[in-house]
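Participant: First, the structure itself, so that you have it in front of you.
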Amino acid sequence: ASISDKDHGLTALVERVGSLSKASVKVGVLDDRGGEAKRARGESPVKGLTVLEVAKVHEFGTDTIPARSFIRGTVDEQESAIRADQHKLAVGWFAGKIDLGRGLHQLGARIAAKIQQRIARGINPPLDARTVARKGSSKPLVDTGQLRSSITWEVET
């Protein structure tokens, strides 16, 4: 009698699953990319702050500026769509049809686009009348477009 052990790919799958603990995608304003230079030259439209600092002020608010959560608010608003994208990525990855890094980049790009679209639609609360008069627009978070265009993603695998 002979005994044969066939794992049918189980060993490879276990190794692949182990690699998931290191995999992640971050989405948002992740760095200042020249923000210090913009602050030093006074180019930022918000009192000399860098883009990253402006993002933090608007995401969380201050004593005088209300929170206009463009990141957390989008994730809350789009939770079911994001979960569906994550599920599709996981199923494709487990089946060996999707490269994890490429899939995470696609997921990051989709979430970043959702955040940018939400900013373009407008986020409550409305701007104070003095702010509208100063900037000439009633759309929150949109002045030069610098904040919206600074939303990006980063993948670690």
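The values are calculated or read from the model by the stated rules, or taken from the named source; none is laboratory data. From a predicted model like this one, the values you see are computed outputs, not experimental measurements. Ideal geometry is used to build each Cβ from the backbone, glycine not excepted, and the neighbour counts take in all protein chains shown. Ligands, DNA and RNA are excluded from the accessible area calculation, which covers all protein heavy atoms including side chains. Shrake-Rupley method; radii C 1.70, N 1.55, O 1.52, S 1.80 Å.
Participant: Which value in nm describes the separation of the simple spin-label points at THR131 and THR157, placed 7 Å from the Cα toward the beta carbon?
Facilitator: Distance between the two pseudo-spin positions: 4.0 nm.
Participant: Size of the stretch 80-151 along its principal axes in angstrom, Cα-based, largest extent first?
Facilitator: Over the stretch 80-151, Cα extents along the principal axes are 56, 22, 10 Å.
Participant: Could you work out how much longer the chain between ASP31 and ILE3 gets when fully extended? Use 0.36 nm per residue separation minus the Cα distance between them, nm to one decimal.
Facilitator: Gain on stretching ASP31 to ILE3: 4.3 nm.
Participant: With a Förster radius of 35 Å, plug the Cβ-Cβ distance of ARG102 and SER80 into 1/(1 + (r/R0)^6) and report the FRET value to the nearest 0.05.
Facilitator: 0.90
Participant: Determine the alpha carbon to alpha carbon distance for each of LYS6/LYS88; LYS26/LYS114; LYS56/LYS114; LYS22/LYS114; LYS26/LYS88 and list only those over 21 Å.
Facilitator: Checking Cα-Cα distances, LYS6/LYS88; LYS22/LYS114 exceed 21 Å.
Participant: A follow-up question, please. Only helices at least 30 Å long along their own axis, judged from Cα atoms, and with Kyte-Doolittle mean hydropathy of -0.5 or greater: name those in the chain from DSSP H.
Facilitator: Once both thresholds are applied, what remains is 100-121.
Participant: If you don't mind, another one. Please work out, to two decimal places, the log10 of the ratio I(q)/I(0) at q = 0.08, 0.21 Å⁻¹ from a Debye calculation in which every Cα of the chain carries one identical scatterer.
Facilitator: -0.34, -1.32
Participant: For PHE94, PHE70, give me the order by solvent-accessible area with a 1.4 Å probe, most accessible first, ignoring ligands, DNA and RNA.
Facilitator: Of PHE94, PHE70, the descending order of accessible area is PHE94, PHE70.
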